[in-house]
Amino acid sequence: MLWAVYTIIAAAAQTARNAMQRELTGTLGTVGATHVRFLFGFPFAILSLLGVLAVSHAPLPHPNLMFWPWITVGFLAQIAATALMLATMNDRSFVVTIAYIKTEPVQVALFGFVLLGDKITPLLAVAILIATAGVVVMSLKPGAAAAGGWRPTVLGLVSGGMFGISAVGYRGAILDLHLANYVVAATFTLMVGLILQAALLSAWLALREPKVLKAIVQAWRPSLAAGFMGALASQFWFLAFAIATAASVRTLALVEVLFAQAISKFVFKQPTAPREAVGIVLIVIGVALLVWAH
């Protein structure tokens with residue numbers, strides 16, 4: 001059950017990181033706030049790998065050719081997912097955004113049915129309907145069109161789907177290393193992913209929005225904290241994925257909705273409407289049923 005401990009720690013750290021990034025969106029913009037977790041996260045990932053190698057006396061892994069497609073899918077999908085998540089938070093409360101993202105396992109089932117012809121049992125169908133109903137309940141409200149309508153809902157759901165693709169890519173990269181020491185495999189994969197993400201976004205911002213890079217440097221104190229929490233969360237997500245199935249990890253990760261509820265209420269002072277509370281409960285039930293059906 002060590003994977004469960006890893007998952008709970010990761011969910012708590014990720015909730016804190018999401019809250020920090022949300023606060024940075026106002027000054028750095030969506031792309032700038034997205035970049036913070038990678039640019040200020042990879043130094044901590046390097047230190048973590050050095051520590052793991054020193055303690056375990058393991059050699060530095062030498063990935064084979066198939067490692068790179070897996071990790072490329074993982075880090076590109078994660079960049080897109082994070083940017084979409086922060087954009088959603090501009091139009092919806094913190095906790096509702098997290099609830100949208102937590103439809104990820106439902107979307108994986110739908111992708112499997114459409115693309116791979118995976119069988120959907122009656123229980124899976126019920127789970128999908130319940131979770132979808134939760135999203136509709138949260139989204140439909142008086143004046144929704146004036147407040148952005150379905151745009152935040154679509155962005156949040158796509159963000160959840162991209163996080164799912166990212167998880168598959170990273171887990172594939174970890175397993176492709178074929179290492180007996182899962183801690184080394186997870187930590188090495190994390191370091192490589194963060195370095196690639198930091199390099200790609202830094203180059204893009206340098207060419208397109210150099211002022212944002214300057215603003216990130218000026219906001220280095222809160223950015224450093226967000227980067228550290230991001231690296232911490234990713235470290236424990238990767239450890240969990242290294243020893244348990246994505247379904248098991250994602251099921252337990254639903255505790256993040258509860259963490260987000262607490263952050264939304266006590267930090268951002270955002271009340272949760274009864275309709276939103278009902279929607280969140282339906283989404284949690286639907287996702288839990290979906291994974292249980294597997």
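The values are calculated or read from the model by the stated rules, or taken from the named source; none is laboratory data. The model shown is predicted, which means the values in this text are computed figures rather than measured ones. FYI the Cβ positions are ideal-geometry reconstructions off the backbone, even for glycines, and counts take in every protein chain you see.
Confirm whether residue 95 is over 29 Å from residue 24 (Cβ atoms), modelled with pLDDT under 80 and of a type outside the set (Ser, Thr, Tyr). So that I can check it myself, show each step before the final result.
On the way: over 29 Å from residue 24 (Cβ atoms): no; modelled with pLDDT under 80: yes; of a type outside the set (Ser, Thr, Tyr): yes.
Answer is no for this residue.
Among the aliphatic types (A, V, I, L, M) and within 20 Å of residue 195 (Cα to Cα), is that true of residue 9? Outline the logic, then answer.
Working: among the aliphatic types (A, V, I, L, M): yes; within 20 Å of residue 195 (Cα to Cα): no.
Taking the combined requirement at face value, the residue does not satisfy it.
Testing residue 217 on (1) under 18 Å from residue 71 (Cβ atoms); (2) out of contact with any Phe, Trp or Tyr (no Cβ under 8 Å at 6 or more places or on another chain), one condition comes back false. Which one is that?
For residue 217, the exception is condition (1).
Residues to consider are 242, 262, 247, 233; find the one that is modelled with pLDDT of 70 or more, surrounded by fewer than 20 Cβ atoms within 10 Å (Cβ to Cβ) and of a type outside the set (Lys, Arg).
Working: 242 fails: surrounded by fewer than 20 Cβ atoms within 10 Å (Cβ to Cβ); 247 fails: modelled with pLDDT of 70 or more; 233 fails: surrounded by fewer than 20 Cβ atoms within 10 Å (Cβ to Cβ).
None of the others qualify; the one that does is 262.
Among 219, 186, which is the only one that is over 18 Å from residue 36 (Cβ atoms) and either crowded, with 22+ Cβ neighbours inside 10 Å or at pLDDT below 90 (or both)?
Numbers: 219 fails: over 18 Å from residue 36 (Cβ atoms).
So the residue among 219, 186 that is over 18 Å from residue 36 (Cβ atoms) and either crowded, with 22+ Cβ neighbours inside 10 Å or at pLDDT below 90 (or both) is 186.
Name the helices (runs of 4 or more DSSP H) wholly inside region 198-262 in which the number of residues that are more than 23 Å from residue 109 (Cβ to Cβ) is 1 or more.
Values: elements: 210-218, 220-243, 246-252.
Those helices (runs of 4 or more DSSP H) span 210-218, 220-243.
Check residue 162 against each of (1) within 21 Å of residue 288 (Cα to Cα); (2) modelled with pLDDT of 90 or more; (3) surrounded by fewer than 17 Cβ atoms within 10 Å (Cβ to Cβ) and name the one condition it does not meet.
That leaves (3) as the condition not met.
Return yes or no: is residue 133 surrounded by 13 or more Cβ atoms within 10 Å (Cβ to Cβ), on the phi < 0 side of the Ramachandran plot, of a type outside the set (D, E, K, R) and modelled with pLDDT of 70 or more? Even if it seems obvious, please write down each step before you answer.
Working: surrounded by 13 or more Cβ atoms within 10 Å (Cβ to Cβ): yes; on the phi < 0 side of the Ramachandran plot: yes; of a type outside the set (D, E, K, R): yes; modelled with pLDDT of 70 or more: yes.
Yes, satisfied.
Looking at (1) modelled with pLDDT of 85 or more; (2) under 20 Å from the mean Cα position of the chain (by Cα); (3) under 25 Å from residue 213 (Cβ atoms), which is the one condition that is false for residue 46?
Unmet for residue 46, out of (1) modelled with pLDDT of 85 or more; (2) under 20 Å from the mean Cα position of the chain (by Cα); (3) under 25 Å from residue 213 (Cβ atoms): (2).
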